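These notes concern the structure reproduced below.
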Amino acid sequence: MANNEGKYNIKAASKMLGIQPGTLRAWERRYQIIAPVRNESGHRLYTEEHIKILKWLIQRVNKGFTISQAVSLLEKNNQALLESDSTQHTDQEDLSTDLLNQLLEALLEFNEGQAHELMDKIFSLYSVEKVLIDILGTLLVKVGDMWENHEISSAHEHFASAFLRSRIGMILHGLPVNGFLPKTVSVCGPGEWHELGLLIYTLFVRRKGFETIYLGTSIADEDIHIVLKEVQPKFLFLSCTLSINLPKTLEMVTALKEQYPDLLIGLGGTAVDKMPEIKKHKYADHLIGNSMKEWEDWLRVRMN
């Protein structure tokens, strides 16, 4: 039977794909991504191509996309994305490294269009978690190191940061919130304007279902009290990237714990990771770590 001829009824398609018939009908009605033909009795018949498209969408949803995000991504890059799944790269680590280097090159050339195409491809191939930690996390470190070593200009660093902030923000604001979980606030430490590491961590927390108030770069010291009294969060996450800003960030942690004894404060960032062991010991309860497992463990202990 030809690839474009109806072959599977909705019951068979549902069983093959592992989703309910009602979900299939809703996707077809709302997004019109496929149009199954009807037999003489008016029943839907799905082609091999329909099944291929639906499998791709389900894989993206299982990786953390909403169905609307997955459909939008497919509409922009239809055939290329479907083919990329059918011809898997023999070495996924080499592929992710290659894509990371291509993305870095595009950003350093101020090629926004190419950067968006690469980001679409990366998100189509990997889970959100892998993109955030293994790819974007690594990219942030590279850009930061290049800037600190004067290998790139501040304009390069600002462009790369603005681009990544925009893409991560798109995902952050599209995630659902679990109303039974406590509220959180995320903000950079005093004087700190490197926010992307904090944004990545905030996205991790938001994917857990926490309602998150993301403030980004440093705010006036007294303003944090306005936010805490208004929001009344259970968690406050602080980030510090530059060592010059670390003393004031640690002072803020100490002061806030005295004023808000029930507030759980998480602390992370490059400057925090590089602290002397004696300071790490002093602030051990606040250190969230720099891997997803450490983040998971820190949250789990404090939610029990």
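The values are calculated or read from the model by the stated rules, or taken from the named source; none is laboratory data. In this text the structure is predicted, and so the values were computed from the model without any measurement. For neighbour counting, all protein chains shown are included, and Cβ atoms are generated from backbone atoms with ideal geometry for every residue, glycine included.
Things worth noting here:
- Within region 176-211, tally of residues that are over 14 Å from I265 (Cα atoms) and either part of a loop (DSSP other than H, G, I, E, B) or not basic (K, R) (or both): 22
- Selection within region 124-168 - among the small types (G, A, S) and farther than 23 Å from E294 by Cα: S124, S153, S154, A155, A160, S161, A162, S166
- Residues that are outside the structural domain of A115 (by TED's automatic domain parsing) and among the acidic types (D, E) were ranked within region 145-197; the one that is farthest from G216 (Cα to Cα) is E192.
- Residue within region 241-258 that is more than 24 Å from M303 (Cα to Cα) and touching a Phe, Trp or Tyr at 6+ places or on another chain (Cβ under 7 Å) present: no
- Count of residues meeting criterion [modelled with pLDDT of 80 or more and among the charged types (D, E, K, R)] in region 122-179: 5
This table checks each residue for (1) within 15 Å of E117 (Cα to Cα); (2) modelled with pLDDT under 80; (3) buried (at least 19 other Cβ atoms within 10 Å of the Cβ); (4) assigned by TED's automatic domain parsing to the domain that holds V131.
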residue	(1), (2), (3), (4)
N39	no, no, no, no
L45	no, no, no, no
E48	no, no, no, no
K55	no, no, no, no
N62	no, yes, no, no
L74	yes, yes, yes, no
E83	no, yes, no, no
S86	no, yes, no, no
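- Search result, residues across region 33-48 that are within 27 Å of Y126 (Cα to Cα) and out of contact with any helix residue (DSSP H, G or I) (no Cβ under 9 Å at 6 or more places or on another chain): T47, E48
- Just one of the numbered conditions (1) of a type outside the set (S, T, N, Q); (2) farther than 13 Å from L198 by Cβ; (3) surrounded by 14 or more Cβ atoms within 10 Å (Cβ to Cβ); (4) over 21 Å from the mean Cα position of the chain (by Cα) is not true of I244: (3).
- Test: residue in region 269-288 that is assigned by TED's automatic domain parsing to the domain that holds L181, of a type outside the set (K, R) and on the phi > 0 side of the Ramachandran plot: yes
- Of all residue pairs spaced 6 or more apart or on separate chains, those with beta-carbon atoms under 8 Å, a first member in region 262-276 that is assigned to a loop (DSSP other than H, G, I, E, B) and a second member that is small (G, A, S) and surrounded by fewer than 19 Cβ atoms within 10 Å (Cβ to Cβ) are K274/S243.
- Filtered residues of region 116-167 (kept if in contact (Cβ under 8 Å) with a residue 24 or more places away in the chain and not in a helix (DSSP H, G or I)): Y126, S127, I152
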